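Structure first, then comments.
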Amino acid sequence: MSDDPREHLRTASDRIAEAAEETEGEAAERLGNIADRVAGFAERDTGPDHGALDTVMYKLNELADEVGGETGETIRQARADVLEFRKTVEGV
């Protein structure tokens with residue numbers, strides 16, 4: 001991984017998108033929306049705050065439990081990537 005902490009967000013977005021492709025229905029739609037949101041965080045000039053990251057992490061945790069299996073593990077890995085980025089965010 002590069003020295004750019006946003007690479008964690010890019011990786012998370014890719015993993016979430018992969019999980020969305022492996023899932024059906026509402027969970028797939030929610031995952032797709034989260035993947036887009038996290039990708040947007042990675043590309044903005046100013047990064048997300050702790051609150052936005054916490055919301056994403058909470059939703060990923062819920063979806064990992066809901067989906068389960070290998071896809072759930074992919075979602076958990078994406079959540080860990082978001083957490084790694086969050087460690088670089090000042091505040092709180």
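The values are calculated or read from the model by the stated rules, or taken from the named source; none is laboratory data. Note that the structure is a prediction, hence the values are computed from the model and not measured. Here Cβ is always computed from backbone atoms with ideal geometry, including for glycine, and neighbour counts include all displayed protein chains. For accessibility, only protein heavy atoms count, side chains too; no ligands or nucleic acids. Shrake-Rupley method; radii C 1.70, N 1.55, O 1.52, S 1.80 Å.
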Is there a residue in segment 28-37 that is open to solvent by less than 90 Å² (accessible area, probe 1.4 Å) and under 13 Å from residue 9 (Cα atoms)? yes
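I'd like the full set of residues that are touching a residue at least 40 places away in the same chain (Cβ under 8 Å) and either in a helix (DSSP H, G or I) or in contact with a His (Cβ under 6 Å, 6 or more places away or on another chain) (or both), limited to segment 15-40. Write out each step before concluding.
Going residue by residue through segment 15-40, those that are touching a residue at least 40 places away in the same chain (Cβ under 8 Å) are 15-16, 18-19, 22-23, 27, 31, 38.
Residues satisfying the conditions are 15, 16, 18, 19, 27, 31, 38.
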Of (1) over 9 Å from the mean Cα position of the chain (by Cα); (2) in contact (Cβ under 8 Å) with a residue 24 or more places away in the chain, residue 12 satisfies all except one. Which? (1)
Can you tell me which residues in segment 62-92 are farther than 12 Å from residue 9 by Cα, open to solvent by 70 Å² or more (accessible area, probe 1.4 Å) and under 11 Å from the mean Cα position of the chain (by Cα)? 76
Being open to solvent by less than 50 Å² (accessible area, probe 1.4 Å) and at pLDDT 95 or above is true for just one of 8, 50. Which residue is that? 8
